[in-house]
Amino acid sequence: MKNTLESLLAQALERLRSDGLVPAGAVRQVRLTHTRDKSHGDYATNVALALAKAAGMPPRELAERIVAALPAHPAVRRVEVAGPGFINFFLTEGAHHAVIRQVLEAGARYGRSDRGAGRPVQVEFVSANPTGPLHVGHGRGAAYGATVANLLEAVGYRVHREYYVNDAGRQMDILATSVWLRYLELTGQDLAFPSNGYQGDYVWDIAATLHREHGEDYAAPVEQVYEGVPPDAPAGDREAHIDALIGRAKALLGDIRYRYVFDLALATILDDIRDDLEKFGVVYDQWYSERSLVERGLVMQAVERLRKAGHIYEKNGALWFRSSEFGDEKDRVVVRDNGQFTYFASDIAYHMDKIERGYDRLVDVWGADHHGYVPRVKAALAALGDDPARLDILLVQFAVLWRGGQKVQMSTRSGEFVTLRQLRKEVGRDAARFFYVMRKAEQHLDFDLDLAKSRSADNPVYYIQYAHARVASVLRQLAERGWRFEPQAAELARLTDTREEDLAAALARYPEIVEHAALGHEPHMLAHYLRELAHAFHTYYNAVPFLVEDSALRNARLSLVLAVQQVIRNGLELLGVSAPERM
RNA sequence: GCGCCCGUAGCUCAGCUGGAUAGAGCGUUGGCCUCCGGAGCCAAAGGUCAGAGGUUCGAAUCCUCUCGGGCGCGCCA
């Protein structure tokens, strides 16, 4: 409907343009919105206000001219100029009700569009280091990224979901060494575990696997391991300490055995993360290995490309990328004085590769604490000759958990509630997925665990799901009374109650909500919409009986209610939340 | 110090990219089932949109400054 009206307006403006009244390009100014107040009709536009100056006439007068030039349309009952120069559209009753049949006919497809025209988009999200289980902080990135991906798909993009696996850095060496040290402890030796090592129980678990499957094959005397290693903090430097231990692990194990421990740790943790996300309803098309970037020489190629383009220089024995010429606040090292690539160098290569894989748009979902990193990645794309505007970096603020009116401490040490797995176990997948995307991404999120678990109206997830289940229940009642839903028998024109009109209007808005949420990367809009729709439904349910003797009216009301159910189901599907038939 | 995000009802937040009288939920107060699921509904009270300037027909929304909160500023990943 909205599109129809927009095209009518475009035609009107085109006529006025050929009369020389409005400038070329005016059509792009067309912006149609739903009215908040019913006395302003169903849709309104402010084009006349926006174009008044360029047209050189008062807004109201221009509005009148536009209305006069507007082609007639059967769904439009009346068009009027109001206020300072708004043009308000009033639709016919039939137009209001038409959406009900549209929803029922389109079913699961209702709300989807081909706006993206199948263009390929890559969405990269979570990408947490595989050095431990997913933290509750990663959960928001997971829920948000997955929902943004779903939304983009719904509006017609071809979406590729990707997880970038940082399997090549120093953190992974620390993990492998931590596992090996725990393994040495399992062989019965005592040692002082490094303060900088990974302390979690999962490290013990991996070490136990190694011990169970390979006995003492990976053992070495602790005295040899620690011989000549500089002291740990607080007496010494913890970084130097752990680096020396990594070196010792590599030396004593040799390349092959070290790599085995490393890969065992990586595979175990990655399996855990994959499983965790799958149970959270988050599935990837690809897990992209940083190590593969290095091994294929892509990192070297990326640096070489920058060098050839004249954006690399040497200083203090290191290679620097002149990112400050592309909007970054300072230049950045890509190759350290010890010859190793920095993490940033891999990231340049990774984004170069993304572009080369032919995506139209790139979406990165990052934790907001990485925001300082945005300019340098964009700078790299620009320096490589690509358009940085093709990359959208979406920053997600942290979530703070609350229980019993208190902030939940989330330190690894306290052993309190830290993993996504635990969160899922406590509040369930549906509540977790919904709560994570309830707020816009750049807003800090207060995640109320008690509320997420409560089964009441206070809890928006249950409130929405309950509306869906209630419709299912109505259908069960229908069958018990020996009736069936007969859509052909429905006389939609009988739906004249204001609550029925409100519901139909809400249904008509759904495709626009999806499009808006998708293009703006704002899943919270869909979450809010569904709550409003559920509210309109509950109000209707309480006020009007559906299962009445009058077949034409009964089937009309059932049509409306089933359409509501369909839209709730479609919306929840995009959010990754289930739509139960009974609760 | 510099940069990014945020500041809207007692609390948690929306506000459709500058529109018409700023909206929800919770909480508070008062109501509603012999009827399709009370995990529900209705109503009332509650606002200097942090503050001050500016831009214009029109600002919670855009610009500048001030105040307050969060985060970030490595040859770490």
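The values are calculated or read from the model by the stated rules, or taken from the named source; none is laboratory data. Note that the structure is predicted; figures quoted are calculated from it, not measured. No Cβ is skipped: glycine too gets one built from the backbone with ideal geometry, and neighbour counts run over all protein chains shown.
Does segment A:438-451 contain at least one residue that is under 30 Å from A:Arg291 (Cα atoms) and either under 23 Å from the mean Cα position of the chain (by Cα) or of a type in the set (S, T, N, Q) (or both)?
For segment A:438-451, residues under 30 Å from A:Arg291 (Cα atoms) and either under 23 Å from the mean Cα position of the chain (by Cα) or of a type in the set (S, T, N, Q) (or both): absent.
Considered as a group, the residues in segment A:452-466 that are polar (S, T, N, Q) and surrounded by fewer than 17 Cβ atoms within 10 Å (Cβ to Cβ) include one that is nearest to RNA strand B (Cβ to nearest atom), and that residue is A:Ser456. Would you confirm whether any residue within segment A:152-168 is assigned to a helix (DSSP H, G or I) and either farther than 30 Å from A:His521 by Cα or among the polar types (S, T, N, Q) (or both)? No, segment A:152-168 has no match at all.
Hey, any hits in segment A:13-31 for a residue that's at pLDDT 80 or above and closer than 18 Å to A:Glu512 by Cα? Among the residues of segment A:13-31, not one is at pLDDT 80 or above and closer than 18 Å to A:Glu512 by Cα, which makes the answer no.
Scanning segment A:343-392 for residues that are closer than 14 Å to A:Gln122 by Cβ, away from RNA strand B (no atom under 16 Å from the Cβ) and hydrophobic (A, V, I, L, M, F, W, C) gives A:Met352, A:Ile355, A:Leu362, A:Leu381.
What residue, among those in segment A:253-268 that are of a type in the set (Gly, Ala, Ser) and surrounded by fewer than 19 Cβ atoms within 10 Å (Cβ to Cβ), is nearest to A:Tyr164 (Cα to Cα)? That would be A:Ala267.
Looking at A:Asp276, A:Asp271, which is the one that is outside any strand (DSSP E or B), at pLDDT 95 or above and surrounded by fewer than 16 Cβ atoms within 10 Å (Cβ to Cβ)? Walk me through it before giving the result.
Values: A:Asp276 fails: surrounded by fewer than 16 Cβ atoms within 10 Å (Cβ to Cβ).
Only one candidate qualifies: A:Asp271.
Residues are listed down the side, and each one gets a yes or a no for (1) touching a Leu at 6+ places or on another chain (Cβ under 9 Å); (2) over 25 Å from A:Lys2 (Cα atoms):
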residue: A:Arg484; (1), (2): yes, yes
residue: A:Arg494; (1), (2): yes, no
residue: A:Leu507; (1), (2): yes, no
residue: A:Met525; (1), (2): no, no
residue: A:Arg531; (1), (2): no, no
residue: A:Arg557; (1), (2): yes, no
residue: A:Ile568; (1), (2): yes, no
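Checked against (1) among the polar types (S, T, N, Q); (2) buried (at least 21 other Cβ atoms within 10 Å of the Cβ); (3) under 30 Å from A:Trp366 (Cα atoms), A:Asn88 passes all but condition (3).
In segment A:175-203, the qualifying residues are those that are under 23 Å from A:Gly141 (Cβ atoms) and within 16 Å of RNA strand B (Cβ to nearest atom), and the one that is surrounded by the most Cβ atoms within 10 Å (Cβ to Cβ) is A:Leu175. Within segment A:52-69, if we keep just the residues that are hydrophobic (A, V, I, L, M, F, W, C) and within 14 Å of A:Phe86 (Cβ to Cβ), the residue that is modelled with the lowest pLDDT turns out to be A:Ala52.
Among the residues of segment A:476-502, those identified as near RNA strand B (Cβ under 8 Å from one of its atoms) and either touching a residue at least 60 places away in the same chain (Cβ under 8 Å) or in contact with a helix residue (DSSP H, G or I) (Cβ under 9 Å, 6 or more places away or on another chain) (or both) are A:Gln477, A:Leu478.
To keep it simple, each residue is scored yes or no on (1) at pLDDT below 90; (2) part of a loop (DSSP other than H, G, I, E, B).
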| position | (1), (2) |
| --- | --- |
| A:Gln409 | yes, yes |
| A:Lys425 | no, no |
| A:Phe434 | no, no |
| A:Phe485 | no, yes |
| A:Leu507 | no, no |
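Among the residues of segment A:43-59, the ones that are more than 10 Å from RNA strand B (Cβ to nearest atom) and either buried (at least 16 other Cβ atoms within 10 Å of the Cβ) or under 34 Å from the mean Cα position of the chain (by Cα) (or both) come to 2 in all. The residue list A:Ala534, A:Ala517, A:Ala563, A:Ala579 contains one member that is crowded, with 17+ Cβ neighbours inside 10 Å, assigned to a loop (DSSP other than H, G, I, E, B) and of a type in the set (Gly, Ala, Ser), which is A:Ala579.
Against the list (1) within 28 Å of the chain's Cα centre (by Cα); (2) more than 21 Å from A:Val179 (Cβ to Cβ), the condition A:Ala267 fails is (2).
Quick check: anything in segment A:238-260 of a type outside the set (Asp, Glu) and not in a helix (DSSP H, G or I)?
So in segment A:238-260, the residues of a type outside the set (Asp, Glu) come out as A:238, A:240-242, A:244-254, A:256-260.
Checking which are not in a helix (DSSP H, G or I) leaves us with none.
The answer is no; no qualifying residue exists.
Going by the conditions given, is A:Arg509 within 12 Å of RNA strand B (Cβ to nearest atom) and in contact with a strand residue (DSSP E or B) (Cβ under 7 Å, 6 or more places away or on another chain)? So A:Arg509 fits the description; yes.
Listed here are the residues, each with its yes/no results for (1) of a type in the set (Phe, Trp, Tyr); (2) free of Cβ contacts under 8 Å to residues at least 12 places away in the same chain; (3) in contact with a helix residue (DSSP H, G or I) (Cβ under 8 Å, 6 or more places away or on another chain).
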site: A:His211; (1), (2), (3): no, no, yes
site: A:Glu239; (1), (2), (3): no, no, no
site: A:Gly254; (1), (2), (3): no, yes, no
site: A:Val261; (1), (2), (3): no, no, yes
site: A:Glu278; (1), (2), (3): no, yes, no
site: A:Ser292; (1), (2), (3): no, yes, no
site: A:Leu298; (1), (2), (3): no, no, yes
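Looking at this structure, is A:Ala517 of a type in the set (A, V, I, L, M), touching a His at 6+ places or on another chain (Cβ under 9 Å) and within 25 Å of A:Ser578 (Cβ to Cβ)? So A:Ala517 fits the description; yes. Within segment A:93-125, the residues that satisfy the criterion of being outside any helix (DSSP H, G or I) and either surrounded by fewer than 23 Cβ atoms within 10 Å (Cβ to Cβ) or among the charged types (D, E, K, R) (or both) are A:Tyr110, A:Arg112, A:Ser113, A:Asp114, A:Arg115, A:Gly116, A:Ala117, A:Gly118, A:Arg119, A:Pro120, A:Val121, A:Glu124.
For the criterion of being out of contact with any His (no Cβ under 9 Å at 6 or more places or on another chain), free of Cβ contacts under 8 Å to residues at least 40 places away in the same chain, of a type in the set (D, E, K, R) and within 8 Å of RNA strand B (Cβ to nearest atom), A:Asp337 passes. Taken over segment A:293-325, the residue count meeting the criterion of being aromatic (Phe, Trp, Tyr) and surrounded by fewer than 18 Cβ atoms within 10 Å (Cβ to Cβ) is 1.
Given the condition farther than 30 Å from A:Val418 by Cα and outside any loop (DSSP other than H, G, I, E, B), answer yes or no: does some residue in segment A:195-206 qualify? The answer is no, given that none of the residues of segment A:195-206 is farther than 30 Å from A:Val418 by Cα and outside any loop (DSSP other than H, G, I, E, B).
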